[in-house]
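The values are calculated or read from the model by the stated rules, or taken from the named source; none is laboratory data. Just so it is clear, the model here is predicted, and its values are computed rather than measured. For neighbour counting, all protein chains shown are included, and Cβ atoms are generated from backbone atoms with ideal geometry for every residue, glycine included.
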Amino acid sequence: MSQTTSPQALKIAKHYYNINAEASKLDGYVDENFFLKSTSGEKFLLKISTEENQEQLDFQIKILKHLSAKKLEISLPKVVRNEEKKELTNLTNNKTARLLNWVPGRLWATVNPKTKQLRHSLGAAAGSLTVALQDFEYAAAHRKLDWDLVNSAWTKLHLDKFSGEQKKIIAHFQNKFDKIQTAYNKLPKSIVHNDLNDYNILVSEDLSNPKISGFIDFGDAVYTQTINDLAIVLAYAIMALPDPLSAAADVVKGYNKHYKLSENEIKHLYTLVGMRLVTTVTSAAIKKEEFPNDDYFVISEKPAWHLLEKWYHVNENFAYYSFRKACGYSAHPLQKKFENWAKNNQVSLRTLFPSVSSEKVVNLDMSVGSTLLGNLSEYSDTDISEFKLKQFRKHNPKTILVNGYMETRPFYSTPAFKSEGNNGPQYRTVHLGTDFWVPAKTPVHAPFDGIVKVIHHNNYDKDYGPMLILEHKFNDGKFYSLYGHLSLMSLEILQVGQKVKQGDRIAYIGKSAENGNWAPHLHFQLILDLLGNDENFNGVALPSNIEIWKSICPNPNFIFEEELETAEAKISEDKIINFRKDHLGKGLSLSYNKPLHIVRGEGIFLIDVDGQKYLDTVNNVNHVGHQHPKVVSAGQKQMAVLNTNTRYLHEEIIAYAEALLKKLPPHLSVIHIVNSGSEANELALRMAKTITGNKDILAIEVGYHGNTNAVMDVSSYKFEGDGGFPKPETTHILPLPDSYRGKYTSENCGIDYANHAKEIIQNLKAEGKEIAGFIGETLISCGGQIVPPKNYFKEVYKHVREAGGICIADEVQTGFGRMGKTFWAFELYDVQPDIVTMGKPAGNGHPLAVVACTAEIAEKFNTGMEYFNTFGGNPVSCAIGRTVLEIIDDENLQQNALEIGGFLIAELKKLQKQFPIIGDVRGEGLFLGFELNDPEQNPLSEHASYLANRMKQLGILMSIDGPDHNVLKIKPPMVFRKENAEELLLRLKTVFGEDFMMDY
């Protein structure tokens, strides 16, 4: 039968519906579909069917009528009657036309990203549709369709179209489907949509907070098992994601909000999703042969295969437990029964360790934020760890040291425990067992009768050593006990299948060399389902799956008479936030829409309370890396000996001063050590005013110099911002020297910007005033990572010095090698400031700051009034500052800044060509920024905010600067390496490709 053309569709619309419109043809699997836009702006969908069975078309009309009477939060198509008031229009060529109103929205297939919230919205919308159809009945729904999952066994007839691994996967799900038939046929049935695929699901136009807006195309609606509809939704909703099971649980949770899934329905969901995918790829294989040049029929084949392969490797039982938890059931169906049995059959720890005499059990904190563990360099050193453990035992005699159950630990935030989640990297950081810290060679005895299930030597896993698993029975089933970190001789005690009695010796605790260089201990774990493991079993899990794993691996507290302390419950983020609001400074802000709860820093990473690592591109204060072990050690050692003021002689302040002066130009020969950048700039301003006898200061627009009174007075970023105050009369602001979007943008605009300094100075002279000096960040940070024009500072300094003023270079953000090319930013401009100020990067976050000046200024400032700072220059601060300078040299960090900064600039400019929203890329070394603009260079602050928050979700911390809040800054610790830069660029590319970022 001939295909309908667009002109013919227009004639049908005019003749039968009296609609004048434009028409464009849409893809269709069965019907011919046309998008119509009338001259009045109304939109319609014209469907032309060759369906000879009018009852089936009438069925689609009736189902939409039924749903129109329901109070659904989503939009559905409505039937538009023809001129004869009929819903179906019989055409002259034995075709039938239907006209539906156009349902607005974006196709699910085109939406990027598909977030957790959107998946939950999809589940809720699909569940509400299922409920709305529960009371609908129609004879035509009782039909046989290949796309009805109940009939999917037809795919067996085409198994020969596949080979190798693909054939194995398809046969696997077909066999599973065969085995569930008896139970499956008893599941609840109803009429369902049956085809909520990624082209029938509509998403709202709200790009910042999208939700499901509608469903279309009820052509495959059928009476079948109700659960089939959810399986079909899942098959399309979780495609192209690294962690499809987690994504599926999001949808299931939303679905269950409206349609309460039974345990029996949940049990078969994993297999049904697999069979829907099998149906998709089998149908695609058939259609490829039938229509080799038509891409429409195979549009879902490739993503379906990718998902089917992943789904095949998902543990079926774990999927079942995940879905149960999403629906509000206990993840493992026997969890409560086991807990009840265990509480009535408890044993003493003496049964497990009869040779260990103890009077109590004491918890040993090894959580992410544990101060007992200390620095990475400490907890990764066996000798130090064992020493700490001995000291802890010394202070807690006659005890068994216990810890670990559901404890989030820093040891597991390494690549070995890393995987790609649906929101970037994720780490299996939650410990599922309990550790008993008892001496090596301590015998371990069986707590219950059992059978040896597994004996395994983890010789490939140096972090574990030999492991044993026993199988036990309880009233309603089986459970298992796992024993890890055993001695090698434990492998010779038992054999698989051997029976053991309660109290039998089953193993010995291994020495450090046998269990991965850990201090001797037993890893003990209870398990209700081995999940098919016959060699090993997970000892750690993802934080997002804690509630599931708690059910599979119950708390050992249940079986022991003694109370085993478990990991302390973390304070909720809400409680912390509320306390801050009530009792900390009211102007204290938090980063990101959902604040982070950070408890540990390591090098380039910040780590939250769940052990999630965040690549830190913001924190330039931790100059040589968060908690650098040499910095930590220097502070600890000196603090243990002496910390006092500078009224006493001490070598450390001399050592630091000498090391720092070597990094400064010879003319800056005197330093004053203080505690913060604010204090340093405050002192610098005081020097300028004291020496010149004047009060007027020149400063740069959107400059920020600290939070004390004098520096606030010259910080345009503060007094011109929210809650600011009128510009002080003695402050004179120079325009932001921005050559990209500023007042001047020509090649020699530095002179134009500097002339404002000349003009202000002349105006002040006319009033009989003189300036005290000029203060400026050499690269302007809060102004948006601005790199002033090359001749700007030379000209400004010239004008200031001709007027007798002092030139102050604020290097709080830019000093100590960050520029790469030079150690100080002012050196880039070939100028010699009279005073240079430095801040907390000098101490890697420790309160240390410095004012360096000429000998002449130091002499003139010495007016007889002593300058004394109680904490400035103390031995601890100086030891830390000296160590920071040593690390910069020893680890070649200035060269690293040059190389990695250059790499980032080049790659960001490549991204700029791909994503024109990047209006400018600028910076030096590891002081970089890029701003977001529309084609007319208007700032896009909302897009910048979206980018920063999305990057945080993907495991990378970024921050926004600039007067228009549209500049993303990159000022990481100086240990930022190429692999870190590549990760940053990868995630940036991901977010730049998302719908919100593409719409500007």
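Here are a few things to note about the model shown:
- Selection of the range 479-517 for residues being in a loop (DSSP other than H, G, I, E, B) and crowded, with 21+ Cβ neighbours inside 10 Å yields H485, S487, G510, N515.
- If you go through the range 176-219 and pick out every residue that is part of a strand (DSSP E or B) and among the polar types (S, T, N, Q), you end up with 2.
- Residue within the range 378-400 that is within 30 Å of L118 (Cα to Cα) and either in a helix (DSSP H, G or I) or hydrophobic (A, V, I, L, M, F, W, C) (or both) present: no
- Verdict on L145 being closer than 30 Å to E309 by Cβ and in a loop (DSSP other than H, G, I, E, B): yes
- Applying the criterion of at least 3 residues that are among the charged types (D, E, K, R) to the helices (runs of 4 or more DSSP H) found wholly in the range 896-1000 leaves 941-953, 978-992.
- Number of positions in the range 61-79 that are within 19 Å of A9 (Cβ to Cβ) and not in a loop (DSSP other than H, G, I, E, B): 1
- Cβ separations smaller than 6 Å between residues 6+ apart or across chains give the following pairs from the range 276-289 residues that are surrounded by fewer than 22 Cβ atoms within 10 Å (Cβ to Cβ) to residues that are assigned to a helix (DSSP H, G or I): A284/V298; A284/E301; A285/K161; K287/F297; K288/V298.
- Summed over the range 11-52, the residues that are in a strand (DSSP E or B) and closer than 20 Å to D198 by Cα give a count of 8.
- The residue list D713, D696, D752 contains one member that is over 13 Å from E777 (Cβ atoms) and in contact (Cβ under 8 Å) with a residue 60 or more places away in the chain, which is D696.
- The residue that is surrounded by the most Cβ atoms within 10 Å (Cβ to Cβ), among those in the range 800-816 that are assigned to a helix (DSSP H, G or I) and free of Cβ contacts under 8 Å to residues at least 60 places away in the same chain, is R801.
- Verdict on V80 being modelled with pLDDT of 95 or more, not charged (D, E, K, R) and not assigned by TED's automatic domain parsing to the domain that holds N197: yes
- Total residues in the range 730-769 satisfying the condition of being basic (K, R) and assigned to a helix (DSSP H, G or I): the figure is 2.
- For D964, the test of being in contact with a strand residue (DSSP E or B) (Cβ under 9 Å, 6 or more places away or on another chain) and farther than 21 Å from H623 by Cβ is passed.
- Enumeration of residues in the range 386-400 that are polar (S, T, N, Q), over 17 Å from R350 (Cα atoms) and touching a strand residue (DSSP E or B) at 6+ places or on another chain (Cβ under 7 Å): N396
- Filter result (buried (at least 20 other Cβ atoms within 10 Å of the Cβ) and more than 26 Å from the chain's Cα centre (by Cα)) within the range 239-266: N256, Y259, L261, E265, I266
- The set of residues in the range 412-445 that are closer than 15 Å to Y483 by Cα and either acidic (D, E) or free of Cβ contacts under 8 Å to residues at least 60 places away in the same chain (or both) contains only D435.
- Residue list for the range 220-238, filter: buried (at least 24 other Cβ atoms within 10 Å of the Cβ) and assigned to a loop (DSSP other than H, G, I, E, B): A221, I238
- Count of the range 617-629 residues which are touching a helix residue (DSSP H, G or I) at 6+ places or on another chain (Cβ under 9 Å), on the phi < 0 side of the Ramachandran plot and surrounded by 19 or more Cβ atoms within 10 Å (Cβ to Cβ): 7
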